[in-house]
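The values are calculated or read from the model by the stated rules, or taken from the named source; none is laboratory data. Everything numeric in this text was worked out from a predicted model, so none of it was measured. Every residue, glycine as well, gets a Cβ built from its backbone with ideal geometry; the counts of neighbours run over all protein chains shown. Ligands, DNA and RNA are excluded from the accessible area calculation, which covers all protein heavy atoms including side chains. Shrake-Rupley method; radii C 1.70, N 1.55, O 1.52, S 1.80 Å.
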Amino acid sequence: SSSASSSSSSSSSSSSSSSDASATANATANATFNYRGDASESYKSFWNSTPLFVHVPKTGGTAIEQLIKSQKLDVKQYSVGPRCYWHTPPPNYQRHSFAVVRSILSRMHSELCWVRVFASKDIFDSYVERGAFRGTPNCTMYNSYIIAALKKHNEDPAYDFCHLVPQWCYISQLDYVLPHVSELQPLLRSFHPRFINGTVGHPMSVKDKCHKKDLSSCINSTAMAMLRDHFLDDFEYLEPFIASLDPNDPETWKVPGKVELSDYVRVDYSCKGTSKTLRPGHANCNRHPESCALTFEECGNLTLNDTGCGSVFNYGGTPTGGPSTLATGGKCECIVLHANCDDHKTANITRGELIKRSNLTRRCPSREMLKPTPTTTTTMPPIPFNYRGNASQDYRTFWNHTPYFMHIPKTGGTAIEKAIKDTNLNVTQYSVGSPCYWHTPPKQYLRHGFAVVRSVLERMHSELCWVRVFASPDIFDSYVERGAYRGTVDCDMYNSYILAAIKKHTENPEYNFCHLVPQWCYVSQLDYAIPHTSELRPVIHSFHPNLANPNLGHAMTTHDDCQKANLSSCINSTAMAALRDHFVDDFEYLEPFLKTLDPANPETWRVPGTVEVSKNQQVGTHCVNKAATKVLTVGTQGCGDTTTTGCTPSFYTCGKLAIDDMDCGGVFNYWGTPAGGPADTPKGGRCECILAGYSCNDAKQPQVTKGELIKRPGQMPRKCPSR
């Protein structure tokens, strides 16, 4: 063991001192490292291939991710989504793969410290609802956290980006694991030639008071019993390896197991991705077996034995019936190593995969658990753009009224604004003046209002590209002061920008014309939301008759290198946590709608919620717009008698009249007070509303109360700037 370590050290040292890249490769070609297992042909194959890194949450994977990105190493990173993105456990075997693992108790401690500082507040709140204590980490708090967190993750295994999914759910489908040690760099350099000169950006060591606390001796019997049940496989398979390590001479582990065909198959499906043909197929496979994979199992074995293949293959036939009698009968192709693919309905094709049969995984989430929670029509009913024949009455009413456009920043609204102005369309545009003018979130319900919405990650990407070119230099300078990098757009720059921009907007939500105010702050007070698509023109045309012929000045398509850069896969866990906290409502309410869209047939969304009278009321104030006022009741001197015709007996009754009148917007005036009923004046009990799509100016007026309507969308926005 020590001689292997010495050999590794000397090889790494001599290689890194050479300036010739080929000499480095030659010097490391026969290098050894401290390795628990048989250094077989499989490891030599791994040594000469591109490694695949799988990020197990809370094992120091962010340091390796940053190393790969910052130094542009030829190392692939596993990421499949949709709920846990790069933290999703692989459902099948990953050839030439590795991960970092750590002690269960050390990982649980790290997770507590992370979730208290970096995770969305909602995550720890959900643990508090299940019995966790807030405050300074101590033994009582730690035990309550363990029990509550495991309870929540048993309810939803993919919660919090799969942060508490057992490590064995990842490791069981990989080739190698590295132990989590304080000095990972030398171990990583001797592990694979692609890391020979890698410098780990930050050591995985103690950073704050939470990490410095010794909580391992705190765990009581109840919490330990839950840990042993939840991490059953980790305790049985990983802990013995970790516990037996020599800290001064750590080893890498070859994960045991045999690769074979998985039981998971999809008949009449093919996985579309970069593929490699193993057998071309033939119309008559019985007479031309050399061109055909005669059985599903044979196609799987061809995939298994070809080191250029990943773990997914497509077979021209069915698992039980052999090759189909088509021109492509018996065709066998695999998806190449480290390439992703998407399943598509394809007749007479069966999609198969390879799986590593190691020890059983007994506590892993199923494929179904990792899928996004399906939306239901009760909370999020989509309405087709073309209302004819199947739209609700309120949409027909909207169709016959002037639409009210709300421009949410960085959703393509400029194209619609330009079309409205250039074509002189009968569409009202929302604008209230300072602090953000047409980007100011509405304070009350905007009847007949609509906006365009887009994915949080797309919107953030677009904002970065915009602020670098079109915004005042002072804006980006303020982000640089908070840690953002200048220069070429890459992963490091993008992550630094996200953290700095959100920090600035948390300090001042209206900064940069409200460009990073969450979309839900706008949408929650509207009637309809249109998804941001590359071809918005046909969507807008069919949405409302007043928008039937707009000439959208510019399509919302790629314009420059920044827009073309694929940054969605760049976002590290810290930046993603900041995004999920800042845009908590967008992720919860808008992202499910956007993810379930059919790109070929996008739908508009009727924003759910009930309209009611807002608690915000201004006694002695009259909102004035004589040209856009509708009288609902005229009021009389004798309004104290509630049977008197022409009177509204209370402030809330006036608000209800405004709600029920589809001509009214979100503001009404009532002659009286909210508590005392109509005032004893010649106009007592009068009720009027400001028409939808119109603004009004507040003026002092004794015995009049200005009221507002507000839309209650189930849960009110949690991250919106106050008045």
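Quick rundown of the values:
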quantity: log10 of Debye I(q)/I(0), alpha-carbon scatterers only, for the stretch 159-203 at 0.20, 0.22, 0.30 Å⁻¹; calculated: -0.83, -0.90, -1.02
quantity: Pair ALA675, LYS564: separation of 7 Å Cα→Cβ label points (nm); calculated: 6.6
quantity: Isotropically averaged projected area of the stretch 247-302, using the convex hull of Cα atoms (one quarter of hull area), nm²; calculated: 7.1
quantity: Relative contact order (%) - the stretch 277-343, alpha-carbon pairs under 8 angstrom, separation at least six; calculated: 41
quantity: Inverse of mean 1/r across different Cα pairs in the stretch 400-512, Kirkwood, Å; calculated: 15.7
quantity: Spacing of the two label points (7 Å from each Cα toward its C-beta) at PHE118 and ARG537, in nm; calculated: 4.5
quantity: The stretch 469-614, relative contact order in percent, only Cα pairs under 8 angstrom and at least six apart counted; calculated: 29
quantity: D_trans [Stokes-Einstein, Kirkwood Rh over alpha-carbon pairs] for the stretch 199-339, 25 °C, 0.890 mPa s, µm² s⁻¹; calculated: 125
quantity: Full-extension gain in nm, LYS44 to ASN286, via 0.36 nm per residue minus C-alpha separation; calculated: 83.3 nm
quantity: Rounded FRET efficiency, nearest 0.05, which uses the C-beta distance separating ALA600 from LYS209 and R0 of 60 Å; calculated: 0.65
quantity: Per residue solvent-accessible surface (Å²) - the stretch 55-180, probe of 1.4 Å; calculated: 29
quantity: Debye log10 I(q)/I(0) at q = 0.33 Å⁻¹ for the stretch 91-137, Cα point scatterers; calculated: -1.23
quantity: Over the stretch 148-269, equivalent-ellipsoid semi-axes from the Cα gyration tensor in Å; calculated: 27, 26, 15
quantity: Computed accessible area, LYS421, all protein chains, 1.4 angstrom probe, square angstrom; calculated: 140
quantity: Cα convex hull volume per residue for the stretch 86-216 (Å³); calculated: 117
quantity: Loop GluC sites (Glu not before Pro), the stretch 136-242, which have at most 14 other Cβ atoms in a 10 Å radius of their Cβ (DSSP); calculated: GLU183
quantity: DSSP-loop GluC sites (Glu not before Pro) across the stretch 425-511, with at most 14 other Cβ within 10 angstrom; calculated: GLU481
quantity: Span from the the stretch 116-154 Cα centroid across to the the stretch 231-300 one, whole angstrom; calculated: 38
quantity: ASP74 versus THR307: modelled label distance in nm, points set 7 Å from Cα along the beta carbon direction; calculated: 1.5
quantity: 3J(HN,Hα) from dihedral phi, the stretch 532-539, Karplus parametrisation 6.51/-1.76/1.60, rounded to Hz, x for glycine, proline; calculated: 6, 10, 5, 10, 7, 4, x, 5
